[in-house]
Every structure is written in structure tokens, then in C-alpha cells.
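No value in this document is a laboratory result; all are computed from the given coordinates. These figures come from a predicted structure and were not determined experimentally. Cβ placement follows ideal geometry from the backbone for every residue including glycine, while neighbour counts extend to all protein chains displayed.
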């Protein structure tokens, strides 16, 4: 998402800001690899990549722990529990539904299929992050760039960026609309809070601060407004 985010329609839309920061940093990381000089220091790239990977993994873990589980619980209640072949069944139904005029049925089936695949997609991202780390530790070494392995690193970073963008785009198309529809505003605020503030970290603000640095001034203002609402949330009776 390269275009400016001008407003947040609901609290869950905060995730669009996080996605934009993750995508922007992916492009920056890829550009860093492309401009690595043979024999030059690898440390700046390592620091940037580790920070990006940490934010990416944290976001995926919070999604899996809070957002995907909430969707699965809601869908289990309204549609019955998925069997072991639930994902395949949903995808089969999705292929059949376009022959009908029931667009709501189409979207419901696609959303169920997407929710069922979230865990698999998150594992794919984790694997691609590990692929980059393997190149850094095994092929290039700890301090400097070796010409014959720079291309290998570039290929792994590009593969990670593409997988990330595909995952986030699918999530924005199918998962977030379902969350917006099924979660009340208070629940969305709670979800935005855990996405932005890491209560288990020594510095709970590390994620929101990381995101803010990668947004435009206008988007930073939107994030600031949401942070104010999250502060108000903490003072509200539960």
C-alpha cells in the first residue's frame, strides 16, 4: 500500500498503518542489499533486517494469537466447527459459488478459507525470515560482504518481501473486513492495543515507535490519535 492513508474508518484500520510500515521497510531492506559493496561492512544491514524481522514476527504472532483465533471462534459458533478438510471444503465451495448470485455466500466462504490458512501463511513468512538469517550466518559470515553470496542474500530478501506483500494484501482483502464486521468497536480497540503495544517487553512502545518512523506526517497524526484512544481505553471500566 503506497498511497497515503488519510483516515481510519474504525479502530481495526490501524493495522493498515502497520502494514504500510512493514511494506515500506521491506523495500528499504531490499534496496540495502542491492547496494551492498563487496568487502564492506554487513553490520548496518544486519541491524536493519533484525529490527524489521522482529516487527514482522511480532505482528504475525499477535495476529495469530488474537485476531485469527477470534475469527475462528466466531465462525465456529455461526457455521459449526471445521473438520480436518475444512480448508479444502471452503476453497471448493468458493469455486462453486460464482455460479450463483449470492455474493454474501461467496465472501463468507472466502473469509473462512482465509482464516483457516492464516497459520500456514505465518509459518511461510517465518521460514523465509529464517532463510535470510541462514544466508547471513552461513554464506556471508558475521562482518563483511562476499561477492559470490550477495546475490543469494538478495534473492532471499526479495522472496520474503513478495511473500509478505502477498500475505498482507490477502489479509486486507478478506480478514480485516471480517474483523470489522464481527468485532465491536471496543474489541477492535483492544486488538489495536496489542498490535501496537508489547506489554511483555521492557519497552512496551517499541512497536508503535518503529511503525511511526516509517509513516508520513499525516499518517503519524492518525497513529497519534489512535494512541490517545488506546490511552482512554486503559482508563475505561472493563
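Condition first: assigned to a loop (DSSP other than H, G, I, E, B) and closer than 21 Å to residue 58 by Cβ. Now tell me which residues in region 1-40 satisfy that.
Result: 1, 5, 8.
Out of all the residues in region 41-51, which are under 10 Å from residue 145 (Cα atoms) and either surrounded by 14 or more Cβ atoms within 10 Å (Cβ to Cβ) or in contact with a helix residue (DSSP H, G or I) (Cβ under 6 Å, 6 or more places away or on another chain) (or both)?
If we filter region 41-51 for residues that are under 10 Å from residue 145 (Cα atoms), which is where we start, we get 41-43.
Matches in region 41-51: 42 only.
Taking residue 219 as the residue in question, decide whether it is over 17 Å from the mean Cα position of the chain (by Cα), under 21 Å from residue 3 (Cα atoms) and in a helix (DSSP H, G or I).
yes
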